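The block underneath contains the structure these notes are about, expressed in C-alpha cells.
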Amino acid sequence: MSLLDTIIGTVAPHNCLCCGSEGQLLCAACLGQLPPVDKLCYRCQRPSPDSLTCSACRQASPLRSARTVTTYAGGARALIWELKFSGAQSAARIMARRLAVLVEKNAAPNTVIVPVPTATGRARRRGYDQAKLLARALSQVTRLPCRNYLVRGGQTHQHQLSRHARLQQLDGAFRAHHPRLVKDAHVILVDDVITTGATIEAAAMVLSKAGAVKIDAVAFARPA
Ligand SMILES: [Zn+2]
Ligand SMILES: [Zn+2]
C-alpha cells in the first residue's frame, strides 16, 4: 500500500461494504450481524469447548486450538477481499479487533503473534501478504509482539485439493525463521481464513519441531 493510498484512506470516508452507509468499511450494524461460529475441533469438526483440538486429534496435531470469528460469507468475505486484493489497512484493523477477542487474556510473556505467510507467488504478485497485515494489526490491538517466525517456499495453487493432497503438498512448505527464538514460545498463529486446517497445521508442525511450547491459531473466517 502506497503512502498516497494510506493518506486517501485516512481522509476519505469509507462506505460499508454491505449496506453502503458512509463511515466504516463495515459499519457497526453489519459487523454485529456477522454470524458467530460453533465451537469445533478444527480437524474433525466435532463440537469442542473453546474450539480446542479434541484429544483424539491432538495425537496428530500440535495445534492446541483454532478459533475463528465468523463464517466466510457476506460481510466477512467482503472484508477479506479488501484485505487480500486492496491491502486495506482499514479492513485489517476491523478484523483485528474481532480477532483480539479470541486471544486469551493475560498472555504469558513468552506469547508471540506469528502470521502464516501467504504462498510467495501470490503475495509477490499483489505486493503484500494479507496474513502479515492482519497479524500486525492484531499485535497493535493486543500489544503482543508480532514476529515473522515462518517463511514459505514456492508453492502451487491449492484450490480444490483434498485435505490429504494439501497436507502432502504443504509438507516442507514452511520453514522456521530464527528457530532459536521459537523455542519455548507460546505462538498465536494468524491467518485470514481457515479452510481445511491443513495450512495452519503444517505451520504449527514446523513451530512445534522448533520447540514452541504452545500453539494456538486464530483466523477471521472459516467455510460456512
Ligand atoms: Zn453496513
Ligand atoms: Zn478432533
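The values are calculated or read from the model by the stated rules, or taken from the named source; none is laboratory data. Keep in mind that what you see is a predicted model, and the values were worked out from it rather than measured. With ideal geometry, Cβ positions are generated from the backbone for all residues, glycine too; neighbour counts draw on all protein chains shown. Keep in mind that these areas ignore ligands, DNA and RNA; they rest on the heavy atoms of the full protein, side chains included. Shrake-Rupley method; radii C 1.70, N 1.55, O 1.52, S 1.80 Å.
Looking at segment 18-42, which of the residues that are assigned to a loop (DSSP other than H, G, I, E, B) and out of contact with any strand residue (DSSP E or B) (no Cβ under 8 Å at 6 or more places or on another chain) is farthest from ligand 2 (Cβ to nearest atom)? Spell out the reasoning first.
Just the residues of segment 18-42 that are assigned to a loop (DSSP other than H, G, I, E, B), to begin with: 18-21, 24-27, 33-35, 37-39, 41-42.
Okay, now just the ones that are also out of contact with any strand residue (DSSP E or B) (no Cβ under 8 Å at 6 or more places or on another chain), so 18-20, 26-27, 33.
Working: Cys18: 33, Cys19: 37, Gly20: 41, Leu26: 32, Cys27: 36, Gln33: 29 Å.
Here the answer is Gly20.
Kindly list, by first and then second residue, each pair from a residue in segment 18-34 that is free of Cβ contacts under 8 Å to residues at least 40 places away in the same chain and farther than 20 Å from Ala221 by Cα to a residue that is open to solvent by less than 60 Å² (accessible area, probe 1.4 Å) and more than 8 Å from ligand 1 (Cβ to nearest atom), limited to pairs with Cβ atoms under 8 Å and residues at least 6 apart or on different chains.
So the pair list comes out as Glu22/His14; Gly23/His14.
Which pairs have Cβ atoms under 6 Å, sit 6 or more apart or on different chains, and link a residue in segment 93-113 that is within 14 Å of Ile215 (Cβ to Cβ) to one that is part of a loop (DSSP other than H, G, I, E, B) and open to solvent by less than 70 Å² (accessible area, probe 1.4 Å)?
From residues that are within 14 Å of Ile215 (Cβ to Cβ), the pairs are Ala107/Leu144; Asn110/Ala185; Thr111/Leu144; Val112/Pro145; Val112/Ala185; Ile113/Leu144.
Criterion first (of a type in the set (A, V, I, L, M), within 16 Å of ligand 2 (Cβ to nearest atom) and buried (at least 18 other Cβ atoms within 10 Å of the Cβ)) does Ala91 satisfy it? Outline the logic, then answer.
On the way: of a type in the set (A, V, I, L, M): yes; within 16 Å of ligand 2 (Cβ to nearest atom): no; buried (at least 18 other Cβ atoms within 10 Å of the Cβ): yes.
Here the answer is no, as Ala91 does not meet what is asked.
Look at segment 197-213 and say how many of its residues are touching a Lys or Arg at 6+ places or on another chain (Cβ under 6 Å) and open to solvent by 10 Å² or more (accessible area, probe 1.4 Å).
Here the count works out to 1.
Taking only segment 24-76 into account, find how many residues are more than 16 Å from ligand 1 (Cβ to nearest atom) and surrounded by 15 or more Cβ atoms within 10 Å (Cβ to Cβ). Talk me through it step by step, then tell me what you get.
If we filter segment 24-76 for residues that are more than 16 Å from ligand 1 (Cβ to nearest atom), which is where we start, we get 36-69, 71-72.
Now drop any that are not surrounded by 15 or more Cβ atoms within 10 Å (Cβ to Cβ), which leaves 37, 40-43, 48, 51-54, 57, 61-69, 71-72.
The total comes to 22.
How many residues does segment 185-196 contain that are surrounded by fewer than 23 Cβ atoms within 10 Å (Cβ to Cβ) and either within 16 Å of Thr118 (Cβ to Cβ) or touching a Lys or Arg at 6+ places or on another chain (Cβ under 6 Å) (or both)? Lay out the reasoning, then the answer.
Going through segment 185-196, the residues surrounded by fewer than 23 Cβ atoms within 10 Å (Cβ to Cβ) turn out to be 185-186, 193, 195-196.
Applying the additional criterion that residues be either within 16 Å of Thr118 (Cβ to Cβ) or touching a Lys or Arg at 6+ places or on another chain (Cβ under 6 Å) (or both) yields 186, 193, 195-196.
So the count comes out to 4.
Considering only residues of segment 43-86 that are assigned to a loop (DSSP other than H, G, I, E, B) and farther than 28 Å from Gly211 by Cβ, which is farthest from the chain's Cα centre (by Cα)? Spell out the reasoning first.
Step one: list which residues in segment 43-86 are assigned to a loop (DSSP other than H, G, I, E, B), which gives 43-46, 48, 53-54, 59-64, 72-73.
Still in the running and farther than 28 Å from Gly211 by Cβ: 45-46, 72-73.
On the way: Gln45: 18, Arg46: 21, Tyr72: 13, Ala73: 16 Å.
The residue in question is Arg46.
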